[in-house]
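Please treat every number below as a calculation from the coordinates, not as lab data. Note that the structure is predicted; figures quoted are calculated from it, not measured. Glycine also receives a Cβ, built like all others from the backbone with ideal geometry; neighbour counts cover every protein chain displayed.
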Amino acid sequence: MTTPPVLDDHRGPMPRPPEELETTNGFTVWLLRFGSAFVVPAVLVVFFFAFSFLKDEGVNKLLQVGVALVVGILGVWALFWGMDQLVSLLPRRAAAAVRPFAFVGPAIVLLGFYLVYPAVNTAILSLQDARSKSFIGFDNYVTVFTKSQYLISIRNSILWVLVVPFLAVAVGLGFATLADRLSKHAESAAKSLIFLPMAISFVGASVVWGFVYYFRAPGYGAQIGVINAIWDGLGGQPVDWLRLQPWNNLFLMVILVWLQTGFSMVILSSAIKSVPVELQEAARIDGATEWQSFRRVVFPVIFSTVMVVWTTVVITVWKTFDIVFVMTGGREGTQVVAETMVREFFTNRNNGIGAALAVVLFLAVVPVLVLNVRRFREEEAMR
Amino acid sequence: MTTTEAEHAAIEAPGEPRGPRLSKLPVYLSVGVIATLWTIPSLGLFISSLREPRSIRASGWWNVFGHLFDATTWTLQNYRTALDQGFSNAFANSLAVTIPAVVIPITIAAFAAYAFAWMEFPGRNVLFVVVVGLMVVPLQMALIPILKIYTAFNVNGTFPAIWLAHAGFGLPLAVYLLRNYMGSLPSSIIESAMIDGADHFTIFRRLVVPLSVPVLASFAIFQFLWVWNDYLVALIFLGNNPKVAVLTQTLATLSGRGEGALNLLPAAAFVTMVLPLVVFFGLQRFFVRGLTAGSVKG
């Protein structure tokens with residue numbers, strides 16, 4: 001990793017008085033560093049929770065939002081400023097050693113509290129019983145990998161990860177390639193339509209598709225879902241698509257494909273546009289068909305972007321819980337790991353199984369984590 | 001005109017986009033088919049939301065095409081009812097959750113990113129790699145322990161509790177994006193500010209933050225959409241209290257009522273979508289950048 005030019009206070013224009021060099025020892029500096037890291041989060045927490053009116057749900061919402069905004073923007077900023085002033089009171093050399101921690105510390109403290117500690121704690125909870133009272137070894141993991149309901153979750157999650165990213169990338173890539181040939185206005189209008197679902201929440205999308213799949217038993221009124229209406233029109237009996245095992249899994253996956261294709265299309269579209277026109281023209285002059293020129297010229301150039309998009313969608317899909325939770329509640333053989341985890345821990349109050357499933361979710365994305373860090377290192381090395 | 005341009009002109013008709021070999025019609029046709037397929041679900045819901053409650057139950061939304069200009073076809077009644085039945089309150093709650101949950105992590109991350117990019121301290125590289133690595137820790141890993149702590153301190157179901165949770169979960173991406181951007185600012189301007197006697201806080205406030213507006217905006221939009229559309233964090237940390245429930249929770253509850261809520265669901269769904277759609281289309285170009293780096297979050 002290359003280091004950007006370092007700008008320490010002691011390299012400033014003012015020559016520092018020599019006696020200050022000796023005024024601090026390492027231990028004090030480390031103490032001050034830790035102290036400065038904790039001040040901002042601590043004051044923030046005390047402020048938020050000491051004032052009961054922020055907790056009181058009966059209080060005017062606008063007042064709450066107003067206070068929150070003032071604290072969020074000015075308060076946090078003022079805290080950092082105050083911290084910086086405090087650090088400046090230190091001897092010059094000590095201040096230079098402590099100041100970076102006053103800047104970076106609050107982020108590290110929050111991350112430690114909200115991600116690092118919980119991750120470790122969840123790993124421990126996964127080795128304990130449902131109420132986190134005693135250690136039971138790897139029993140929760142044995143349960144997760146042997147009991148059929150959890151095995152179905154894992155199987156379904158794997159299917160989601162295989163199907164959804166493939167379809168989202170394939171449709172996105174195809175659409176981006178075709179739209180690239182339209183006139184500018186037509187292209188941006190068409191892309192907006194594909195892109196629009198990106199702004200919709202997974203719960204909102206579930207409602208949207210709930211109407212598409214809507215089912216009424218024959219004799220209970222007209223089919224108001226578009227699919228059953230078409231099916232009906234073709235002479236079929238109306239089908240409760242979300243209970244039609246095992247195909248209901250596929251129908252739920254369609255929702256996420258609908259949501260994620262816009263993402264892959266936009267990223268891949270900009271990758272396609274960065275392929276030099278000369279390359280494609282050279283291929284064309286050599287007599288390549290459109291398909292050959294795409295397959296042999298464009299695709300190899302954008303391949304690394306395709307991989308980035310694919311892994312990104314894989315992670316999103318793997319962690320998606322809302323769609324299944326809202327549409328079927330995990331019934332009818334549609335459960336997935338992320339949704340089962342929430343149900344076990346939140347609805348069934350089984351901390352042990354919930355934590356074990358969370359660990360399974362995490363371990364499965366570790367390879368991606370390694371890839372990400374490695375990619376970051378490579379990017380840094382190239383800069 | 002250079003030779004290459006002349007060749008271009010010879011191959012392509014003037015003003016024509018790339019790919020002259022494919023004839024236009026199949027391209028327009030397939031793009032049109034995909035775009036239509038993608039639009040029908042939300043268009044259908046939107047049309048439903050504007051129909052009489054009775055007609056929503058009685059017939060499919062496509063029946064409006066028979067009497068488009070009939071005054072009795074359209075009504076805003078569903079929106080009024082939905083807003084009266086908890087959705088205006090939920091809208092305010094969503095705002096109260098989202099705005100601080102966007103602003104707080106941006107401020108904290110900006111200071112951290114500046115330190116990672118322009119200050120020297122022991123453990124800098126290791127800490128940064130750890131922060132980037134935390135992007136891939138699933139949200140699910142954090143739920144049980146944080147809920148336990150919140151319950152112990154009796155702060156569950158409060159707005160500050162969910163602000164800080166969202167801030168914590170959003171930080172890895174924010175620090176990563178902002179540090180990469182701030183690190184790519186030219187070092188000469190920062191060095192010359194140093195030589196003029198500016199301290200780090202002044203350089204950060206006067207130089208680096210104003211220069212980083214594009215990346216701050218793209219993260220803000222990303223985090224806004226993420227928090228506004230979040231269901232999981234709200235469900236766990238706000239609980240089942242309808243007084244503090246945000247839009248996604250209220251919509252999920254309504255959708256659980258099945259046939260009884262059929263007339264309200266479409267309008268309610270659009271109430272939850274209107275703000276993200278406005279933000280999204282108003283600020284699209286900022287968003288794409290955040291998207292590329294950011295979708296591994298959470």
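Points worth noting:
- Multiplying the residue separation of A:Arg374 and A:Ser88 by 0.36 nm and removing their Cα-Cα distance gives an extension gain of 99.2 nm.
- Estimated FRET transfer efficiency (A:Leu159, B:Lys243; beta-carbon r; R0 35 Å; 0.05): 0.35
- The protein assembly as shown, helix-only ellipticity at 222 nm - DSSP H runs n ≥ 4, -39,500 (n - 2.57), divided by all residues, nearest 500: -21500 deg cm²/dmol
- From the alpha carbon centroid of region B:51-108 to that of region A:305-364 is 29 Å.
- Summarising the label geometry, the points placed 7 Å from Cα in the beta-carbon direction at A:Ser274 and B:Arg206 lie 3.6 nm from one another.
- Computed about the Cα centre, the dipole magnitude for region A:177-316 is approximately 140 debye when only Lys and Arg (+1) and Asp and Glu (-1) carry charge, each at its Cβ.
- Annotated for the protein assembly as shown: lysine pairs at least 8 residues apart or interchain, Cα distance under 27 Å, count 19.
- Three-way shape call for region A:140-382 based on the alpha-carbon gyration tensor, with the a/c threshold at 1.5: oblate
- Inter-chain neighbour count for A:91-103: the average number of beta-carbon atoms from partner chains within 10 Å of each residue's beta-carbon is 4.
- Cβ charges +1 (Lys, Arg) and -1 (Asp, Glu), total dipole of region A:237-383, debye: 260
- Fully extended contour minus Cα-Cα distance, from B:Ser187 to B:Thr72, at 0.36 nm per residue: 34.8 nm
- Gyration tensor verdict on region A:24-125 (Cα atoms; rounded if a/c is under 1.5, prolate if a/b is larger than b/c, oblate otherwise): oblate
- Cα-projected label distance for A:Trp30 with A:Trp247, points at 7 Å along beta-carbon direction, nm: 6.6
- Highest-first packing order for the peptide set B:242-252, B:180-190 is B:242-252, B:180-190, based on the mean count of other beta carbon atoms within 10 Å.
- Helix A:184-195 axis, angle to chain A major axis (alpha carbon atoms, nearest 10°): 80
- A Förster radius of 25 Å combined with the Cβ-Cβ distance from A:Tyr117 to A:Trp81 puts the calculated FRET efficiency at roughly 0.30.
- Look at where the Cα atoms of region B:185-200 and of region A:238-275 average out, and the two centres are 48 Å apart.
- Counting only other chain Cβ atoms within 10 Å of each residue's Cβ, the peptide B:120-132 averages 5.
- Using R0 = 45 Å, the C-beta based FRET efficiency linking B:Ser30 and B:Val129 works out to 0.50.
- Per-residue mean of C-beta atoms belonging to partner chains within 10 Å, peptide A:259-267: 2
- Cα shape, the protein assembly as shown, gyration tensor, a/c 1.5 rule: oblate
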